[in-house]
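Beneath this line is the structure, given in structure tokens, with notes to follow.
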Amino acid sequence: MTTIVATPKAIYADSYCNTTHPFGTTKLHLVKFKTEEYLVGGCGYLNELEFFARLLGEYGIEGMWRLHFGEHWPPKIMKSWDTDVLVVTRDKRIFMFDDSLVPISVNEPVYCIGSGGDWAKAYMDLVPDATPEQSIEYAAKKDDNTRAPVHELKFPRRKKEAE
């Protein structure tokens with residue numbers, strides 16, 4: 001699987017895809033919906049993560065629940081869904097999505113998912129001033145499905161913020 005860490009300001013992920021022929025990849029996306037922006041990271045299948053990112057870009061967090069009322073629910077890809085996704089909003093909220101595609105609010109300052117998520121969370125709990133990057137690097141030592149380098153994604157500065 002992988003290790004994903006979300007904070008109110010950024011999202012982090014390892015970069016290993018362990019298929020029959022493993023390869024390095026990115027598991028993070030900046031998704032835009034109208035005037036909103038989301039940081040997205042997922043563990044599971046990359047095609048499901050990409051599908052989720054496109055849905056989020058079309059419906060936004062507040063509109064994801066509407067998918068359940070559409071004539072095409074559930075999409076074919078959902079029949080074997082095995083991906084968890086973390087989303088960070090620009091207003092610093094963290095949400096988790098499972099196979100229901102309904103946003104679950106996470107009321108924690110840092111949240112970790114994936115096969116190395118427990119290792120990353122333990123590291124952050126036990127090491128003072130630990131960074132998300134360090135926690136994923138530690139998880140990579142304990143979880144065969146997590147590997148460096150660690151990727152970080154933050155919101156781009158808006159024009160007013162840059163001035």
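Residues being at pLDDT 95 or above, among the β-branched types (V, I, T) and not in a strand (DSSP E or B): count how many of those fall in region 94-132.
Going through region 94-132 one residue at a time, the tally reaches 3.
Going through L56, L46, L30 one at a time, which residue ends up being surrounded by 14 or more Cβ atoms within 10 Å (Cβ to Cβ), touching an Asp or Glu at 6+ places or on another chain (Cβ under 9 Å) and at pLDDT 90 or above? Working first, answer last.
Values: L56 fails: touching an Asp or Glu at 6+ places or on another chain (Cβ under 9 Å); L46 fails: touching an Asp or Glu at 6+ places or on another chain (Cβ under 9 Å).
Just one listed residue meets the conditions, L30.
Against the condition in contact with an Asp or Glu (Cβ under 8 Å, 6 or more places away or on another chain), buried (at least 19 other Cβ atoms within 10 Å of the Cβ) and polar (S, T, N, Q), how does T146 come out, does it pass?
When the stated conditions are applied, T146 passes them.
I'd like to check something: does region 133-144 contain any residue that is part of a loop (DSSP other than H, G, I, E, B), within 17 Å of G44 (Cα to Cα) and under 17 Å from the mean Cα position of the chain (by Cα)? Please lay out each step first, then the result.
As a first pass, look at region 133-144 and keep what is part of a loop (DSSP other than H, G, I, E, B): 143-144.
Add one more test, that the residue is within 17 Å of G44 (Cα to Cα), and what stays is 143-144.
Narrowing the set further to residues that are under 17 Å from the mean Cα position of the chain (by Cα) leaves none.
Within region 133-144 (the criterion being part of a loop (DSSP other than H, G, I, E, B), within 17 Å of G44 (Cα to Cα) and under 17 Å from the mean Cα position of the chain (by Cα)), the answer is no, since none of the residues qualifies.
In region 62-92, how many residues are assigned to a loop (DSSP other than H, G, I, E, B) and crowded, with 17+ Cβ neighbours inside 10 Å?
Matching residues across region 62-92 total 2.
With respect to M124, determine if the residue is in contact with a Ser or Thr (Cβ under 6 Å, 6 or more places away or on another chain) and of a type in the set (A, V, I, L, M).
In short, yes.
The values are calculated or read from the model by the stated rules, or taken from the named source; none is laboratory data. Owing to the predicted nature of the structure, the values given are computational and were not obtained by experimental measurement. Every residue, glycine as well, gets a Cβ built from its backbone with ideal geometry; the counts of neighbours run over all protein chains shown.
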